[in-house]
Amino acid sequence: MIRRLMRVLTGSVAALSFATAAIAGPEVVSGPGVQPECFAPLAPETKFLKFPKKDGPYRIALANGFVGNTWRIQMIKTAKAYSEQADVAKDIKEFKVVSTGTDVAAQIAAIENFINSGYDAILTIAVNPTAFTPVIKKANKAGVVLVAFDNTFDSDEVIQVNENQFQIGVINGSWIRKNVPNGGKILEIRGLPGNSVDRDRHLGIRSVLEAADAPKYEIIEVVGNWDDGTAQKVAADAIAVHKKFDGVTVQGGSTGAVRALMDAGHPFVPVAGEAENGFRKLCAENADKGLICSSAGQSPGLVAIATKTAITALQGEVMPQFVSVPIPLVEHPDFKAGVNFFPDLTDNFFNSNDFPPCGVNILATDIMGKSETDN
Amino acid sequence: MSDWRYHFSHNLGTLTAVGLFVLMFGIYIGNHEAGLNPAVATTAANKAVLLALVAMAQTLPVLTRGLDLSVGMIFVMANCLASAIVVGTIGQGLAGCIAVLFMGLAAGFINGAIVVYGRLQPIITTLATGAIYYGIALWIRPSPGGDVQYDIADFVTGQLFGTVPTSLVVLLVVVLVIWIPYRSSVLGRGAYAVGSNEQAAYMSGVPVDRAKIAAYALGGLIAALGGLILTFNTYSGEASAAIGGTYTLNSIAAVVIGGTSLFGGWGSAIGSIFGAFVLRTIEDLLFVFDLPPLWQPLFQGVVLLVAISLGAIRVFRIRNRLELFT
């Protein structure tokens with residue numbers, strides 16, 4: 001006990017001493033990394049990192065920021081459900097979740113606190129991509145594996161986990177191009193303005209629909225804030241003005257966008273959207289009437305991949321510095337009730353929770369069965 | 001009433017906040033697995049000092065029976081400005097720090113001048129100027145980023161002699177150099193007089209206008225210092241409306257926990273500092289208690305309500321409740 005205390009104490013003092021000292025932390029090695037089918041590097045030039053091997057089971061913390069939308073709540077429930085799966089639980093001694101809200105200073109302090117308390121790995125969704133440089137330095141000095149996912153850091157010194165957002169845009173765009181092959185009028189419903197995810201998906205869609213060899217698409221752009229209510233309203237407005245679209249892409253709030261089509265009596269057209277349960281329900285019901293959908297999403301299940309990444313890094317394996325998680329995608333005619341969408345669950349449930357290349361599959365019933373009182 | 005009893009009852013609000021903080025921080029450290037070591041203290045201090053400064057900044061207008069809804073935005077604006085100009089050599093960095101503080105002073109002065117000469121309600125005035133300051137922050141830093149002078153930043157967020165968190169020393173210096181002299185100056189005493197009864201203060205020859213302007217201007221200065229220290233904590237700037245709003249609201253909560261009356265004329269910036277410490281410790285308690293993640297906001301809210309109720313303990317000592325509104 002005393003020895004551990006001393007170790008923590010000296011470790012943290014060292015971590016907080018002046019920045020001029022050499023930065024410890026993971027070793028930069030050459031690839032390829034372990035399990036490349038799951039831990040795929042984002043780009044050919046992505047670095048590979050190797051942490052010193054530690055013996056498990058590990059103490060892992062999740063320093064979440066904002067909590068207050070269904071995605072985040074499902075993410076936290078998924079984290080709990082995954083950490084309790086038998087083959088994962090054996091490597092985890094403790095899994096602790098703290099949400100600090102939108103205050104960047106509070107999230108920094110949360111991560112520092114976990115470092116001070118001697119956690120082996122810390123997962124985080126950064127509230128801001130640039131503010132964590134000092135914390136990254138401290139984590140690396142203390143030998144803590146820091147993994148950022150979803151909203152990642154602008155840094156190449158820690159492991160990050162995300163889906164390739166540009167690629168999701170490409171998937172959306174390709175669906176429209178395949179199903180509206182002769183060109184036409186397309187409604188593009190964007191996400192939250194100013195966000196890198198919104199920007200990257202938009203560029204991905206445009207890279208397909210505005211390619212030199214593409215047929216002529218007239219794209220009408222509206223802002224839906226990734227929210228069902230907003231997406232439904234702006235889609236309804238756009239339909240009122242433009243009368244007829246040949247296809248729709250929607251970054252989030254897909255259920256609302258489809259409902260807008262139905263309310264306006266607009267004929268069903270191909271839609272490329274997110275992975276909400278309500279969207280997939282509507283797609284499955286109305287496929288024969290022309291609502292043919294592609295559903296690819298940013299999964300709250302990313303937290304499970306981030307956990308797996310942290311554990312694998314602690315085991316001393318070589319990891320890509322930026323893990324590009326396979327995008328969970330379901331397209332018409334593969335929508336199957338009880339498999340990739342759930343008629344009994346709420347419309348707000350995010351469906352994409354299995355990542356076969358990683359051996360990660362969290363059942364919807366496990367996630368929703370995690371009542372908030374279970375800890 | 002004997003001298004010490006007078007002082008005791010006069011500072012009861014502050015003392016309640018201090019007691020509350022000591023109790024909560026004791027619980028926190030008692031359950032922290034690393035105990036109280038310099039690293040744990042520095043983490044807690046760096047976070048707490050930010051809110052403590054914004055709460056101090058809020059206290060000054062509140063004492064004059066005003067309210068400054070722009071403190072959080074001045075804090076954010078200073079953060080963005082600092083991430084652009086506190087760079088280069090140590091000398092250039094320090095010059096940048098002074099420029100940031102001066103900008104905070106100017107922003108506060110504008111608030112005060114509009115309230116006094118424009119004769120507008122402080123709450124509406126600062127709501128509008130706050131939006132302007134946020135606009136300036138967004139203009140300086142449209143997306144998160146920027147840089148800072150690392151030597152100054154690491155010094156301020158590190159420890160003195162390897163033990164005392166430097167940010168706490170900075171806070172102490174602010175108290176000694178700004179608050180205590182201000183409290184005993186004509187303008188400071190004038191602020192209390194204006195907050196108690198503006199007409200009476202005017203009739204007694206208190207410089208009402210200058211006292212108000214000085215309160216807002218000094219508030220702006222202290223809020224900007226907070227923004228500067230945020231920059232040292234993050235090595236970057238971000239024009240975040242969420243952060244501005246959070247700090248503004250929490251600063252008001254800290255003022256109330258610290259025993260300062262929102263009706264003006266009663267209270268102290270020292271109380272607000274400890275009020276801010278209490279708020280921050282409530283957040284920290286989440287680490288040492290294994291609360292289910294989705295219950296955490298509820299827990300924080302309940303503890304906050306209890307803390308604010310204790311901050312309003314003055315109610316119990318008052319013989320006639322009408323006194324509360326004077």
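Key figures
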quantity	calculated
A:Ile171 being in the same structural domain as A:Tyr58 (by TED's automatic domain parsing) and under 22 Å from the mean Cα position of the chain (by Cα)	no
Residue in the range A:81-104 that is free of Cβ contacts under 8 Å to residues at least 24 places away in the same chain, of a type in the set (S, T, N, Q) and in contact with a Phe, Trp or Tyr (Cβ under 9 Å, 6 or more places away or on another chain) present	no
Qualifying residue in the range B:77-87 (condition: more than 12 Å from chain A (Cβ to nearest Cβ) and at positive phi)	no
Tally, over the range B:118-154, of residues that are within 9 Å of chain A (Cβ to nearest Cβ), without any contact (Cβ under 8 Å) to a residue 12 or more places away in the chain and out of contact with any helix residue (DSSP H, G or I) (no Cβ under 9 Å at 6 or more places or on another chain)	0
Qualifying helices (runs of 4 or more DSSP H) (wholly inside the range A:252-315; at least 3 residues being in contact with a Ser or Thr (Cβ under 7 Å, 6 or more places away or on another chain), in contact (Cβ under 8 Å) with a residue 12 or more places away in the chain and not acidic (Asp, Glu))	A:277-286, A:302-314
Residue within the range B:225-242 that is closer than 30 Å to A:Gly65 by Cβ and charged (D, E, K, R) present	yes
Failed condition for A:Asp87, given (1) within 16 Å of the chain's Cα centre (by Cα); (2) surrounded by fewer than 20 Cβ atoms within 10 Å (Cβ to Cβ)	(1)
Leading residue by the ranking (surrounded by the fewest Cβ atoms within 10 Å (Cβ to Cβ)) among those in the range B:123-158 that are within 22 Å of the chain's Cα centre (by Cα) and not in a helix (DSSP H, G or I)	B:Gly158
Scan of the range B:169-188 for residues that are loosely packed, with under 15 Cβ neighbours inside 10 Å and under 30 Å from B:Glu198 (Cα atoms), ordered by number	B:Leu176, B:Val177, B:Ile180, B:Pro181, B:Ser184, B:Ser185, B:Val186
Scan of the range A:209-218 for residues that are surrounded by fewer than 16 Cβ atoms within 10 Å (Cβ to Cβ) and either closer than 15 Å to A:Val248 by Cα or among the charged types (D, E, K, R) (or both), ordered by number	A:Glu210, A:Asp213, A:Lys216, A:Glu218
Residue satisfying condition, being within 14 Å of another protein chain (Cβ to nearest Cβ), surrounded by fewer than 24 Cβ atoms within 10 Å (Cβ to Cβ) and assigned to a helix (DSSP H, G or I), within set B:Ala254, B:Ala200, B:Ala214, B:Ala242	B:Ala242
Any hit, the range B:65-86, residues being without any contact (Cβ under 8 Å) to a residue 60 or more places away in the chain and farther than 19 Å from B:Val278 by Cα	yes
Any chance A:Lys289 is farther than 17 Å from A:Phe341 by Cβ, basic (Lys, Arg) and assigned by TED's automatic domain parsing to the domain that holds A:Gly204	yes
Residues (part of a helix (DSSP H, G or I) and more than 23 Å from B:Ala239 (Cβ to Cβ)) located in the range B:111-122	B:Gly112, B:Ala113, B:Val115, B:Val116, B:Tyr117, B:Pro122
Which numbered condition B:Thr166 fails, given (1) among the hydroxyl-bearing types (Ser, Thr, Tyr); (2) away from chain A (no Cβ under 14 Å); (3) surrounded by 15 or more Cβ atoms within 10 Å (Cβ to Cβ)	(2)
Every residue from the range A:126-136 that is surrounded by fewer than 23 Cβ atoms within 10 Å (Cβ to Cβ) and more than 9 Å from chain B (Cβ to nearest Cβ)	A:Ile136
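One line per residue, one yes/no per condition, for (1) within 14 Å of chain B (Cβ to nearest Cβ); (2) in a helix (DSSP H, G or I); (3) under 17 Å from the mean Cα position of the chain (by Cα); (4) under 13 Å from A:Gly273 (Cβ atoms):
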| position | (1), (2), (3), (4) |
| --- | --- |
| A:Val161 | no, no, yes, no |
| A:Trp175 | no, yes, no, yes |
| A:Asn182 | no, no, no, no |
| A:Leu192 | yes, no, yes, no |
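Condition check ((1) within 14 Å of chain B (Cβ to nearest Cβ); (2) within 26 Å of B:Val40 (Cβ to Cβ); (3) modelled with pLDDT under 85) across all residues:
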| position | (1), (2), (3) |
| --- | --- |
| A:Ala43 | no, no, yes |
| A:Leu49 | no, no, no |
| A:Tyr58 | no, yes, no |
| A:Ala106 | yes, yes, no |
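The values are calculated or read from the model by the stated rules, or taken from the named source; none is laboratory data. Everything numeric here is computed off the predicted structure, so don't read it as measured data. A quick note on method: Cβ atoms are made from the backbone with ideal geometry, for glycine too, and the neighbour counts reach across all protein chains shown.
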